[in-house]
């Protein structure tokens, strides 16, 4: 394995002392040629460690590079069939990361996008395969481009030697090298000779942004046709030899315990292969899911109630409120704006239910499922089955949505335990009801605010909060699967944002919490989805107290010119302040995170306050270089639906230790009839390093919808969703 050095100093963002971007320093970068009969090269990925439990992943500069085993790298191969294959150490769960990486590769190689293939890598023994924290494009942008630029330099050098021409006279396009006299050679035909190149005759540096033809161009997803035609394969579509459909009977309450089971009627039904006890209940393995569900319903089970059987929403809310730390005394002579907010538990509810295939043998195991944390999943599966991690193979598959749910791997561990107990491969599916009632959820939280203003300016801003944390007793499936879960308390820090989004004088805050035996997980935008939503509602109420327009007030208080710019864009594009009929109103909110920022303007029809309809959403975002603006627009559209859902109608109730909701029939996620009639996204031009975008829009959309509802109804909503 040989290395070629190239130096790179990516162009930073335009000067803006108010916006936090990636401070990328000049560094040396090694690209490795791997021993192969085709051109196969590898680039080390940024050394982004997996986040600690209860925290979000680090979002610092991705310029700390590692060298070492091939498993730690992003590997590109040019095949003899003229395909460029990059096995991605991230998971595709609908966010479009495979398309974004394919665009980076196609850009630097001058390849056809259709010739770039991005399969998902299996779980590795080393390196970072964490997909989350809106960090994928950020961490892959440099390595992927430099990898492809190096491949292009070698291919051009190989063609120059074949044709005995100066390398600088050759050009590339459509996955071919082209000579001045019109001769062409496909990358595939040059791959073997390029693999032997040790020193290139042309630069191996990535292109400057001014020469980009693919990056920054709105592009349809490379897997769009496969998805809509059913060609794309999800876990439930796989046929693994001998793997039989499996479901689990679960207790009626959270954490309920199995006392006894009479399985005679179930075993007597046709198509039933096995019935076994597992930590979460009783599993049924059958010839089809129809047979499995029939047999599950035929089980006669006695359950002991779970540890929360005496608790319902009212008690949980009361305990949360009591756990919120007190705010200090306000400055003398100031006027106070005070508010308290409650946020309900929320299910992740990805469209594809959790499914995992497991084949556990005496000395090895093989698992297939969609995972955002495959290396941690492998280690936990090994621990649960008593196998060494080296004996466990995890195949990562695309997922039909996640929103943080596939950070955890409850279903995979359960499938592995069932396979081990039944001595056969199984295909386990959690039904919608299984995941809604027993899966992971965003924790409920309570927030207390006090904003103090004097002389027309906020001089102090206090925010204290408490949220539910997950308590753990005996080791079991749930605890082993809890890779990412909110901690009992959040670290106190400057509020309303880590960077001090507003000039609000003295910032203060603390946090507390209560521990309950409830399965929790990181939900899209994690803490910001509630913290920043509540803060943006308070900002509107401060403006009202001061007699100022919400947009005008934000413009005077925002620290960042970049955030102000997206606010101005959304306000102008959405015609902020236009006259509206009674019961209709506009709302606005902003958010800054992941090295990016966004503003949202929402319009609502609340003439029927119990059935409000968001009619229009306008968003403006600055994410640095937007690799695929069309993908970014889709992400923002999704966050708008998240905001509509969690603010207006979607939440989970706890009734005597049980989750009341069980499907989309009662977990009221926004349907098409609730989606805005008009949506538009404005992507601010930038040549800066990419920032994160997948979770960025949730707080802004949620805050804008809440503020629009408040103005339309003349109320001050304090509990979300408002229909609770």
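Values quoted throughout were computed directly from the atomic coordinates according to the rules given, and no laboratory measurement underlies them. The shown structure was predicted, so the numbers you read here are calculated from the model rather than taken from an experiment. Don't worry about glycine lacking a Cβ; one is built from the backbone with ideal geometry, like all the others, and counts go over all protein chains shown.
Summary of computed values
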{"item": "Fewest-first ranking of 596, 203, 288, using other Cβ atoms within 10 Å as the exposure measure", "result": "288, 203, 596"}
{"item": "Helical contribution to [θ] at 222 nm, DSSP H n ≥ 4, -39,500 (n - 2.57), averaged over the chain, rounded to 500", "result": "-8000 deg cm²/dmol"}
{"item": "Solution diffusion estimate, µm²/s, Stokes-Einstein, the chain, Kirkwood Rh from C-alpha pairs, 37 °C, viscosity 0.692 mPa s", "result": "121 µm²/s"}
{"item": "Once the Cα gyration tensor of segment 383-457 is diagonalised, semi-axes √(5λ) in Å", "result": "43, 15, 13"}
{"item": "Sequence of 235, 169, 200 once ranked by neighbouring C-beta atoms within 10 Å, starting from the fewest", "result": "169, 200, 235"}
{"item": "Cα-derived Rg to Rh of segment 576-679, Kirkwood definition", "result": "1.03"}
{"item": "Contact order relative to length of segment 612-724, as percent, for alpha carbon pairs under 8 angstrom and 6 or more apart", "result": "47 percent"}
{"item": "Gyration tensor over alpha-carbon atoms, segment 267-317, equivalent ellipsoid semi-axes in Å", "result": "32, 11, 9"}
{"item": "Neighbour-count order for 146, 660, 711, 171, fewest beta carbons within 10 angstrom listed first", "result": "171, 660, 711, 146"}
{"item": "Segment 306-406 - convex hull of alpha carbons, volume per residue in Å³", "result": "206 Å³"}
{"item": "Globularity index of segment 139-180, i.e. its alpha-carbon radius of gyration over 2.2 N^0.38 Å", "result": "1.28"}
{"item": "Equivalent ellipsoid dimensions for segment 230-306 as semi-axes, Å, which come from the Cα gyration tensor, largest first", "result": "25, 16, 9"}
